[in-house]
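Structure, as structure tokens:
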Amino acid sequence: MGLVLVVAPAVQAQEASSPDRPAMVRRIDELIERRLSDENAQPAPLASDAEFLRRVYLDLTGVAPRVAEVRTFLADDSAEKREQLIDRLLNSPAHATHLANTWRRIMLPGGMNLEQVNNVVGVQNWLRSQFVDNLRYDNLVSELLVATEGDQTGPALYYTALDLAPEKLAGSTARIFLGLQIECAECHDHPFDKWKQTDFWGYAAFFAQLEREEGRRGMNALRIADRDTGDVKLPNTETVISPLYPGGIQPASEELGTRRMKLAIWIASRDNPYLARAAVNRVWGQLFGRGIVEPVDDLGPHNPPSHPEILDELAEYFVESGFNLRELYGTLTRTQTYQRTSEWHPEPAPPPELFARMSLKSLSPDQLYDSLNRILNRTPAQAAGSPLLDPQRQAFIARVDASSKSPLEYEAGVLQALTLINGADITEASDPQRSALLGGVDAPFLTEEQQIETLFLATLSRPPSEEERKACLATLESRSPGERGKQLGDILWALLNSAEFAFNH
């Protein structure tokens, strides 16, 4: 009979106890500019309001802004409008949905087939509920690590998605939550880092006593329990490896609870030097396209950070804030470093690890679909809490999903190109008979210039340049009035297939 784990009540991150945010914002910018000065480089100027607006919407909510939201923001003259927008987006339901999409892809990378759909949807819905409540990040990780069952089966489904295999769970949790690629030491000592094979299997031993209890009905009845027995051995030997925290320390004999409980307590404790650093580095990577340590899941002396002081001080700030992810996103997006333009003249720009400008980041499949969905004026599937059960969405994502782990590496293949050129969603969006956007701009009280501007605001979140405006007007004037709808559709098709639409910049 397995041991039943009892999870402590969830605790929300306390924004009222946050440390000095303005001071942290200034400190980040100061350290970035100091490094640029050392390299004889200058930072790029701040992004325009339109560039910042689209960027922060995509980064915090996963979808480009609506036309009305663009018009309102660009017309606002207040000095605080960027900070006010950040706070509004962070407190929106769309932010929780976007974080759930992002972290679910981290936890369960790869495609989703019919056999995996329950696992993936369960993890997605569980994550979203935690982000809606702004659960402390250390509590979120602990809750995942000691999962058994209950009304929220997401954590248990994460375990079953990895087959309850100690080696898979060790590699996944260390990479995601500790920023350590200890799975490289599964078969032999790590070739570059300090990890030995015994370190890997000692960490895997924390997951060696798991079992799935059968005999219950329904998805919510899934149960993961901990047996009293179960060990791991070094491959091809009979050598049993006892549980070891990263760094080779054994749990103290007086520590109570299951192996997973002991691991959860250690991970959430101040004795763990990895959790906060891995979290802030990963969030930095999400916002800037690359981490202070890159790759974001490979922290260690073999891979030094580009800005060690920022990593150290930001990790300490995160701990002092109560592991408040919302506060972390709010702090980083307020920096001038984040708000700089992606443009650089003349090229070449300083290397991306200096963060002199914002990097161009390819949109994730979710961002691309949701932004297109907004243009199509469809009711978002996530409003019902189950975006992953939308077959149209899954078909689109399967066609455009690239293999690259980095948003700075654009790997659009032939299938993605064909999907954007003549896929069903693009065809619907640019068809004047079916497109909600084209139907809206075809109002008799809108001038041609206003129609063109609306298409640009809907797709690129900015008005057209003078050159673009003239080119679009020339296109409309080249056809008869009866073909005006088709010409507007052609302009919209071109915008949707532009590099500017496919990138967050």
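What follows draws every value from the coordinates through simple rules; no lab data is involved. Nothing here was measured: the structure is a model prediction, and the numbers come from that model. Because the Cβ atoms are built from the backbone with ideal geometry, glycine has one as well, and the counts that use them run over all protein chains shown.
Projected label points at residue 344 and residue 163, each 7 Å from Cα along the beta carbon direction, are separated by 4.3 nanometres.
Give, rounded to the nearest 20 debye, the magnitude of the charge dipole that the chain has about its Cα centre when Lys and Arg contribute +1 at Cβ and Asp and Glu contribute -1 at Cβ. Write down the numbers at each step before the final one.
Details: 50 positive and 71 negative charges, 160 e Å.
Around 760 debye, computed over the chain.
Take the Cβ atoms of residue 269 and residue 312, set R0 to 22 Å, and the FRET efficiency comes out at 0.75.
Ranked by the mean number of other Cβ atoms within 10 Å of their residues, highest first, the peptides 23-35, 357-369 come out as 357-369, 23-35.
I need the per residue convex hull volume for the chain, using only the alpha carbons, in cubic angstrom as a whole number.
Working: hull volume 83.6 nm³, N = 505.
In the chain, the Cα convex hull volume per residue is 166 Å³.
For the range 224-270, the gyration tensor built on C-alpha atoms gives an oblate shape. Its axis ratio a/c (a ≥ b ≥ c) is at least 1.5, and a/b is not larger than b/c.
The distance linking the range 56-91 with the range 251-281 is 38 Å (Cα centroid to Cα centroid, whole angstrom). For the pair residue 198 and residue 40, label points projected 7 Å from Cα toward Cβ lie 5.1 nm apart. For the range 95-267, the Kirkwood radius over C-alpha pairs fed into Stokes-Einstein at 4 °C and 1.567 mPa s yields D = 77 µm² per second.
Taking 0.36 nm per residue of sequence separation and removing the Cα-Cα distance, the residue 252/residue 377 pair yields an extension gain of 39.2 nm.
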